[in-house]
Every structure is written in structure tokens, then in C-alpha cells.
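Q: Handing you this structure, nothing more for now.
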Amino acid sequence: MKIHEYQAKALFWEWGIPVPRGGVAATPEEARGIAEGLAGPVVVKAQIHAGGRGKGGGVKAAATPEKAYEAARQILGMQLITHQTGPEGKRVSRVLVEAASVIDRELYLSLLVDRSRGKECVVFLASEAGGMEIEQVAGESPEKIVRCAVHPAVGFSPFQARKLAVGLGLSAAQRDPFAEILRNLYRLFLEKDGSLLEINPLAVTRAGDFLALDAKLTFDDDGLYRHPEILALHDPAEEELLEVLAGDASVNYIKLAGNVGCMVNGAGLAMTTMDLIKMAGGEPANFLDVGGSASPERIEKAFRIIAADPNVRCILINIFGGVLRCDRVSAGLIQAATHSSMDLPMVVRLQGTHRDEGRRMLEASGLRFTVADGLYEAAEKAVALLGG
């Protein structure tokens, strides 16, 4: 789960990580009021779950409260398009107004979970190339990235703080406050079940102080039941609507850009089905795993989520019946197709428990189902129904 920059900075402040003074506004008048309270130049920043906001016109400097009002008026309500939002962009409903800083250096700092075999630990990444995308730095100047893995049984150690400080070229006077920031970030990341924490840039002011000028925090969904205070920060407006509906229906769904809707039980089989659709010349419209014990009601909900995507022109249902019996899948599909006015062609492949009964139910329904036996055969039939 992602949260907004202003929410992440509030957590940073609570955990002893320095951030600029500021506040969040939903109207230009509120932005002006915050700027008046800060009594100096400010920066007005769009609050959406995407990077590259400055290049898209979502970050503006303002020297006076009236200019902060004007900047907020321009940003609020805009459909902000960045390299991370896609061409449709995201609507801005809040701005962060914070005091402008006089910056001497910009650093990059992040924590993430390294899941590679043999490591499986939290890793610090730091670089002198703050303000740049870390992927760009890794591609062009990998020597500028300092890595530091933290063993979960040992925890963060002072020598690791020194390694990162030296790698960033910090002065002796800056190393202790920098180490304190690292310790606090690690505690926050660990105790709140973080999956990604990024500060880009971590500014060094002309006075030698540190400030987190940007903040990105992502949390492990599986740990949210332990942190209701974090779950309360969730903003459904920032997510794909169909993915929100899928979460409410306990269905694993990710929207993609194709036109062949997929309903599968099991993540591995779902990935294989998507690959086969591509091999057959089509493009999957989604990843959808209904789980191993879905009821006919959940099947119907999953069907409706797929059909609600306007890009979908054909639906491929690929079920391997184990705990999830094929006849229960057929009952859900018939129920969904009967209750829906949708008229999309559907290809169904059923294998496993109660397969024959499931097929008989589909054939007797009189509905628009095309039955397939093999995996690739199902993908080919789905693509053929699109006209190629």
C-alpha cells in the first residue's frame, strides 16, 4: 500500500527524521493560509501516487502567499501526467505547501527488502546523485551507488552508518546526525512493515543540516492488519477502481492494457495463461486469480470486474479444479452471464474435479461459451474470437 508524500513526512517527523515545515491544502485559500504561517518562500507540490510531478507541472515555487494561492489554483484539479501515471494522468485533489530550503547538496537514500536467495534482508541504497531516478544512476554511474545490507538478527550497526556516510562524502560533523536519521528510518521501516522507503532528495542545507525534501513510503499489504493507523492512510482515489473492487471481493486483480480478459485460479496458472495469450498474438487485459476455494458468488464478482473494463472484447476462463470444483465455477459463470447484459464471447477451459459436470452445465445453459481442452487451444480460440 502506498501513501502520499505529506503522510510519509508526518511519519518521518514522528520518528525523528527532519522534514521541511508545511501543511496540506485542498483549496487555494488553504494554501495561501499555510504560506502566510510559514512567512517566507514556499514550494507547492501536487499530492498523487506518482513520481516526476515537477516535470509534469505539479511542483511550483512561490515567493509570496498570493503566489502560493495562484500555484495551488493551477495545480488543484489538474489531470497531472507523469512517466508513472500513464497517458490518462491522475487528478490532483491536495497540495503540500512547505517552506523552501536553501540547498547545498542533494543525496539519494532508500530502504528496500532484498528478496534474492541468500540475502532476504533490508538493504540501504545511497547515492550522491540525489534528484535523479535511481534506475538512471544505476545504468549510467553504478559506482555512485552505495549498498549496505542489514542482517535481521543483528540490526543496523554504527559501522554501517559510517560506511554510508563515507560513501556519500559527508564531513565528520555530519556523520552523527546522519547516523541518527539512518537508525530512525530503519526502525520506522521495520516496525511498520515497510516494503519501500525512498527520500529523493535528502538535502544538505548550507548550514549543514539534513532535510527530507521528498518522501515515498510503501507498506507490505500482508502486514497491514497489525497497523490500523497505517491502513487509515489508504487513499482509494489513487488506485485503479477495478482493483479496489477486486480487493473488496477478495480477488487478486491487476489491470493491464490488453483486450482479452482472464479469469484463472492460481497465480502460476494465471501467469502462464497470460503468456499463452501473447504467444497466440493477443494481449491480456488483466491478471485475475480467484483463489483456490472461490464460491459461485465470488466467481460472479470476478466476472463482473473483468466485464467492467471497457477494453475487454473477449474473456478467457482457465480453471484447474482441485479444491475449487469445476461445477462451482460453471455455476458462477452462468449466474454472472444471466444477471449481466454483457454480450462478450467467452472461452472456457475446465480441467480437474467435476470437469464433465461443469462442461455439461455450460453446454446446457444456452449462453455464449466456447469450450476448449488444451491451454494453448484456449488462448488461440480467444484470440480468434477477436478476429486475429
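The values are calculated or read from the model by the stated rules, or taken from the named source; none is laboratory data. None of these values were measured; they are calculated from a predicted model. Quick reminder, even Gly has a Cβ in these numbers, built from the backbone with ideal geometry, and neighbours come from all protein chains shown.
Rundown of residues vs (1) within 29 Å of Leu241 (Cβ to Cβ); (2) of a type in the set (A, V, I, L, M, F, W, C), yes/no style:
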position	(1), (2)
Glu29	no, no
Arg53	yes, no
Ala61	no, yes
Glu66	no, no
Glu70	no, no
Leu76	yes, yes
Leu80	yes, yes
Arg94	yes, no
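Q: Taking helices (runs of 4 or more DSSP H) that fall entirely within region 134-200, which contain at least 1 residues that are out of contact with any helix residue (DSSP H, G or I) (no Cβ under 6 Å at 6 or more places or on another chain), within 16 Å of Phe210 (Cβ to Cβ) and not charged (D, E, K, R)? Write out each step before concluding.
A: Numbers: elements: 134-140, 158-167, 172-191.
Filter on region 134-200 gives 158-167, 172-191.
Q: Which of the numbered conditions does Val251 fail, given that it passes all the others? Conditions: (1) in contact with a strand residue (DSSP E or B) (Cβ under 7 Å, 6 or more places away or on another chain); (2) hydrophobic (A, V, I, L, M, F, W, C); (3) within 27 Å of Gln47 (Cβ to Cβ); (4) modelled with pLDDT under 85.
A: The failed condition is (3).
Q: What is the one condition in (1) outside any loop (DSSP other than H, G, I, E, B); (2) farther than 16 Å from Arg94 by Cβ; (3) within 24 Å of the chain's Cα centre (by Cα); (4) not aromatic (Phe, Trp, Tyr) that Gly51 does not satisfy?
A: (1)
Q: Something else now. Could you list, in sequence order, all residues of region 130-156 that are loosely packed, with under 14 Cβ neighbours inside 10 Å and within 19 Å of Phe178 (Cβ to Cβ)?
A: Once the filter is applied, which keeps residues that are loosely packed, with under 14 Cβ neighbours inside 10 Å and within 19 Å of Phe178 (Cβ to Cβ), region 130-156 yields Arg147, Ala149, Gly155.
For (1) surrounded by fewer than 19 Cβ atoms within 10 Å (Cβ to Cβ); (2) at pLDDT below 85; (3) closer than 30 Å to Leu241 by Cα; (4) among the small types (Gly, Ala, Ser), each residue gets a yes or a no:
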site: Ser293; (1), (2), (3), (4): yes, yes, yes, yes
site: Ile299; (1), (2), (3), (4): no, yes, yes, no
site: Ile305; (1), (2), (3), (4): no, no, yes, no
site: Gly322; (1), (2), (3), (4): yes, yes, no, yes
site: Leu350; (1), (2), (3), (4): no, no, yes, no
site: Leu367; (1), (2), (3), (4): yes, yes, yes, no
site: Ala379; (1), (2), (3), (4): no, no, yes, yes
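Okay, residues lined up against (1) surrounded by fewer than 20 Cβ atoms within 10 Å (Cβ to Cβ); (2) in a strand (DSSP E or B):
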site	(1), (2)
Tyr6	no, no
Ala10	yes, no
Gly16	yes, no
Val19	no, no
Glu29	yes, no
Gly33	yes, no
Gly37	yes, no
Lys45	no, yes
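Q: Further question: Tell me, please, whether a residue that is surrounded by fewer than 14 Cβ atoms within 10 Å (Cβ to Cβ), under 22 Å from Phe219 (Cβ atoms) and not assigned by TED's automatic domain parsing to the domain that holds Tyr6 can be found in region 120-129.
A: Keep residues of region 120-129 that are surrounded by fewer than 14 Cβ atoms within 10 Å (Cβ to Cβ), which gives 120.
Subset that is under 22 Å from Phe219 (Cβ atoms): 120.
Applying the additional criterion that residues be not assigned by TED's automatic domain parsing to the domain that holds Tyr6 yields none.
Checked against the condition, which is being surrounded by fewer than 14 Cβ atoms within 10 Å (Cβ to Cβ), under 22 Å from Phe219 (Cβ atoms) and not assigned by TED's automatic domain parsing to the domain that holds Tyr6, region 120-129 yields no hits at all.
Q: Right, something else. Test Glu191 against the stated conditions and say whether it is surrounded by fewer than 17 Cβ atoms within 10 Å (Cβ to Cβ), acidic (Asp, Glu), within 27 Å of Lys55 (Cα to Cα) and without any contact (Cβ under 8 Å) to a residue 60 or more places away in the chain. Show your work before the answer.
A: Working: surrounded by fewer than 17 Cβ atoms within 10 Å (Cβ to Cβ): yes; acidic (Asp, Glu): yes; within 27 Å of Lys55 (Cα to Cα): no; without any contact (Cβ under 8 Å) to a residue 60 or more places away in the chain: yes.
Judged against the criteria, Glu191 is not a match.
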